[in-house]
Amino acid sequence: MYKICSLFAGVGGIDLGFLQTNNCEITYANEFDKYAVETYEKNFNNKVDCRDIHQVKLEEIPEFDIMVGGFPCTSFSVAGYRKGFEDDRTGDLFFEMERIFKERKPRVIFLENVKNLVGHDRGKTFRTIIESLENAGYKNKIRYQVLNACEYGNVPQNRERIYVIAFREKVDYDNFQMPLPIELKRGIKEVFNFETKVDDKYYYTEGKYKGEIYKLLSEEMDDDNTVYQWRRKYVRKNQSNLVPTLTANMGEGRS
């Protein structure tokens, strides 16, 4: 079994993919958000280290073969302020991963982030990340590609992400190829149950959120066969019948 170190684990989406291979086990998971930790621990048998990653010492992390991490994207996302590495809240978190993989040199490093990471600061940010991996011993053994969930996972969501996979051994790099697209066959009504009413807290109601969000949604939503998204100041109707990528804090791009 390959041992996984999961950083910025969230609710475990990346971890689940590795576990579904039946060849991996999670030996360490770190996540700072208490609500994500609660969800993660309900879905997995692992106990999550919920400390700030800056406080985690190298010797406190068990041995592992593969490091995975979707390090926070708010510093690079088009929905946020795009401060990059200069963001005093989340901009330096990649370097906490670097601190660990430089010393441990895992067999594989798997990174995920928003598509905009590639072009952020005219490509300088992404080059810094690639050079960091190269300097740690993964030079000429790195593959990366922007993938959309609707084209690779049979999931009716428009979710573009950059995936970076670095290999310590050349043989692993040579044996790995990025996945090929698969046909999207599922629609949103096959994913969501629109018929069964759930708790009221999951619905928009008048006065629940600031401003005129409820009023504008009520006026604009006229098609039961698609989805709508609140984008800062306006309602966006999805013309492709794909669920858009959700943004934090009601579309304002902040956590």
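A short reminder: the numbers here are calculations on the coordinates, not readings from a lab. All of these numbers come straight from a predicted model, not from anything done at the bench. Glycine gets a Cβ as well: all are built from the backbone with ideal geometry, and neighbour counts include every protein chain shown.
What the table below lists for this structure:
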| quantity | calculated |
| --- | --- |
| Aspartates and glutamates whose Cα lies under 16 Å from that of K34, excluding same-chain neighbours fewer than 8 positions away | D49, D52 |
| Virtual spin-label span in nm between Q229 and E63, 7 Å along Cα→Cβ | 4.4 |
| GluC sites (Glu not before Pro) within segment 90-173: DSSP coil, no more than 15 neighbouring Cβ in 10 Å | E169 |
| Candidate values (i) 0.99; (ii) 1.94; (iii) 1.09, label of the one derived for Cα Rg over 2.2 N^0.38 Å | (iii) |
| Formal net charge of residues neighbouring Y228 (Cβ-Cβ distance under 12 Å; K, R +1; D, E -1) | -2 |
| In degrees, nearest ten, helix 93-104 long axis to first principal axis of the chain (Cα) | 30 |
| Added length on full extension, which subtracts the Cα-Cα distance from 0.36 nm per residue, Q20 to K189 | 58.3 nm |
| Neighbourhood net charge (12 Å Cβ-Cβ; Lys/Arg +1, Asp/Glu -1) for N45 | -1 |
| Vicinal HN-Hα couplings computed from phi for segment 61-69 (Karplus, 6.51 cos²θ - 1.76 cosθ + 1.60; Hz; Gly/Pro x) | 9, x, 4, 8, 9, 10, 9, 10, x |
| Neighbourhood net charge (13 Å Cβ-Cβ; Lys/Arg +1, Asp/Glu -1) for R127 | -1 |
| Virtual spin-label span in nm between H54 and K3, 7 Å along Cα→Cβ | 2.8 |
| Angle between the chain longest axis and helix 124-133 axis [Cα atoms, degrees, rounded to 10] | 40 |
| Ordering of 15-21, 36-42, 51-57 by packing [mean C-beta count within 10 Å, highest first] | 36-42, 15-21, 51-57 |
| Amide H contacts of N113 (H built 1.01 Å from N, under 5 Å, at least 5 apart or other chain) | I162 |
| Residues whose placed amide H lies under 5 Å from that of R231, excluding near-sequence neighbours | R236 |
